[in-house]
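Here the structure comes first, spelled out in structure tokens, and everything after it is commentary.
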Amino acid sequence: SSTRRRRRRRRRGKKGLLQWVGSPRVVLAPMVAASSVAFRLLCRRYGAEMCSTPMINAKMYTTHAKYRRDVMSDLRAAEAGVDRPLAAQFCGDDPEVLLLAARGVENCVDAVDLNLGCPQGIAKRGRYGAFLLEDEDRVCEIIKTLAQNVAVPVTCKIRLFDDLERTLVLCRRLADAGVASICVHGRTKAMKGQLVGEADWAAIATIRRALDRNIPIIANGGVESFDDVEKCLAATEASAVMISEAALSDPRVLGGTSTKRKVDVAAEYLEIASSKVAIDSTKLAEARGHLVKILFEIIQADGNHAFRDALIQANTWSDLRDALGAIRRHCHSFVPTTHPRSWYRRHRRLEEDSEGGGGGENHRQDLVLAGGDNGGPLLLKKRPLLLLGGGLLGTQTTTGNTFACLATNDDIEEQQGGDDHAGPLESLFNEQ
């Protein structure tokens, strides 16, 4: 009710987001079809002190009953107090639609976040994410509408403009509009996929110094290990660090103290995903995608292709458990050799090889495709042919053979159908 909303806003007073939820320093990022409840609960075990839902399309939430039921199913653990603190991230460009959607979840979460960072083509078509960021007036209108009418703090996640001064001006305007916290991804919207580049921590520090200390800044980008968390906090002077793809590759980076093997972390995720608390809101393709990302180095290595194939062809929860069981039995002492890159490093290999003059494109094929029957790299046609689910593609070689490979954001972006689609095909849109 509006009365309860006013009471919660008064109780919150002038506290910033982080004070409101207990001053977390490590935050799990919102990731489409990835930061669902099972993965959030896993990441909390490994050090995430606050989590975010996958991006929720505000228009879909307010107009499609099944979509709304799926969102609320994902929030059931949060509503019961298990999955907290939690932010619900929304995308959209209509202040009133966003407000209606935010009110639908405000009693289940601790903050409502506006996605102003997604750089993918689907965000351009849907006019949200980093593309909505270009319309500063509309962005500030949305933040003001939400901040004045939602019971929980309103936050946003942005990317840098090419012009840092323009970014600073916008951040000041967001603060004036009532934003409780700003997460700054230290890259521009052009920096994605193979062009990802290094995150600009210095720019985040400049933003931090330019804003009132009552507006916490959360730094995002460039954190691959737990050591990077401390480095990022020191370099940016931010209040917290948000981690996305590195956590997908290895949830242990969130806390830095676990000595568990990655195969055991993967097993722990599967146990949570198939448990009563998460089974209704976890799609099989999503669970398969998480296992692929966590086990990337292992299943891509020479000699392990049979394990990879069994995992990506799993069509039931029982199939997934059997495939993972085989990997645990046979790869318990795995040490990366010919395929040492983690999921986080999949795009960065091309940059590193190019810098060293080592023929980056061929190396990228060797990494991404995991080879043909003989384990060697194969030539690709320009586009993938079919989507298998969970971030996996079947791709055809110049010899006509079809085999499994791991998709890039651009691959999946080309196969998206509809501006408001927010389903499994977006499972790799993890740098929003």
The residue from D250, D309 that alone is within 17 Å of M31 (Cα to Cα), out of contact with any Phe, Trp or Tyr (no Cβ under 7 Å at 6 or more places or on another chain) and at pLDDT 90 or above is D250
**Request:** Please work out if K231 is over 20 Å from the mean Cα position of the chain (by Cα), open to solvent by 50 Å² or more (accessible area, probe 1.4 Å) and either closer than 30 Å to A180 by Cα or β-branched (V, I, T) (or both).
**Result:** yes
Scan segment 97-104 and tell me whether some residue there is out of contact with any helix residue (DSSP H, G or I) (no Cβ under 6 Å at 6 or more places or on another chain), open to solvent by 20 Å² or more (accessible area, probe 1.4 Å) and either hydroxyl-bearing (S, T, Y) or at pLDDT below 95 (or both).
no
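Pick out the one residue from V263, V292 that is open to solvent by less than 30 Å² (accessible area, probe 1.4 Å) and either under 26 Å from H185 (Cβ atoms) or aromatic (F, W, Y) (or both). Talk me through it step by step, then tell me what you get.
Numbers: V263 fails: either under 26 Å from H185 (Cβ atoms) or aromatic (F, W, Y) (or both).
None of the other options fit; the residue is V292.
Can you tell me which residue is nearest to F226 (Cα to Cα) among those in segment 38-72 that are aliphatic (A, V, I, L, M) and assigned to a helix (DSSP H, G or I)? Walk me through it before giving the result.
So the first thing to find is which residues in segment 38-72 are aliphatic (A, V, I, L, M), and the list is 38, 41-42, 48, 50, 55-56, 58, 60, 65, 71-72.
If we keep only those that are assigned to a helix (DSSP H, G or I) as well, we get 38, 41-42, 58, 60, 65, 71-72.
Values: A38: 22, L41: 19, L42: 16, A58: 34, M60: 36, A65: 40, V71: 31, M72: 32 Å.
Across segment 38-72, the extreme among qualifying residues is L42.
V82 - would you say it is at pLDDT below 95, under 26 Å from L270 (Cα atoms) and touching a Leu at 6+ places or on another chain (Cβ under 8 Å)?
Values: at pLDDT below 95: yes; under 26 Å from L270 (Cα atoms): yes; touching a Leu at 6+ places or on another chain (Cβ under 8 Å): yes.
So V82 passes the test.
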Condition set at pLDDT below 95 and not hydrophobic (A, V, I, L, M, F, W, C), scope segment 265-280, selection farthest from R252 (Cα to Cα): answer is D280
Note on segment 127-139: residues out of contact with any Pro (no Cβ under 6 Å at 6 or more places or on another chain) and within 21 Å of R187 (Cα to Cα) are R127, Y128, G129, F131, L132, L133, E134, D135, E136, V139
Sole miss for R187 among (1) part of a loop (DSSP other than H, G, I, E, B); (2) out of contact with any helix residue (DSSP H, G or I) (no Cβ under 9 Å at 6 or more places or on another chain); (3) open to solvent by 30 Å² or more (accessible area, probe 1.4 Å) is condition (3)
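Test A278 against the criterion of being among the aliphatic types (A, V, I, L, M) and open to solvent by 10 Å² or more (accessible area, probe 1.4 Å), and give yes or no. First the steps, then the outcome.
Details: among the aliphatic types (A, V, I, L, M): yes; open to solvent by 10 Å² or more (accessible area, probe 1.4 Å): no.
No: the conditions fail for A278.
Every residue, every condition in (1) buried (at least 23 other Cβ atoms within 10 Å of the Cβ); (2) of a type in the set (S, T, Y); (3) touching a Ser or Thr at 6+ places or on another chain (Cβ under 9 Å), yes or no:
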residue	(1), (2), (3)
D227	no, no, no
A235	no, no, no
A238	yes, no, no
V241	yes, no, no
G255	no, no, no
T259	no, yes, no
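Determine whether segment 296-305 contains at least one residue that is surrounded by fewer than 13 Cβ atoms within 10 Å (Cβ to Cβ) and not basic (K, R). First the steps, then the outcome.
Taking segment 296-305 as the starting set, the residues that turn out to be surrounded by fewer than 13 Cβ atoms within 10 Å (Cβ to Cβ) are 303.
Within this subset, residues satisfying the condition of being not basic (K, R) are 303.
Among the residues of segment 296-305, at least one is surrounded by fewer than 13 Cβ atoms within 10 Å (Cβ to Cβ) and not basic (K, R), which makes the answer yes.
The values are calculated or read from the model by the stated rules, or taken from the named source; none is laboratory data. Please read all numbers here as calculations on a predicted model, not as lab measurements. Here Cβ is always computed from backbone atoms with ideal geometry, including for glycine, and neighbour counts include all displayed protein chains. Accessible surface areas use protein heavy atoms only, side chains included; no ligands, DNA or RNA. Shrake-Rupley method; radii C 1.70, N 1.55, O 1.52, S 1.80 Å.
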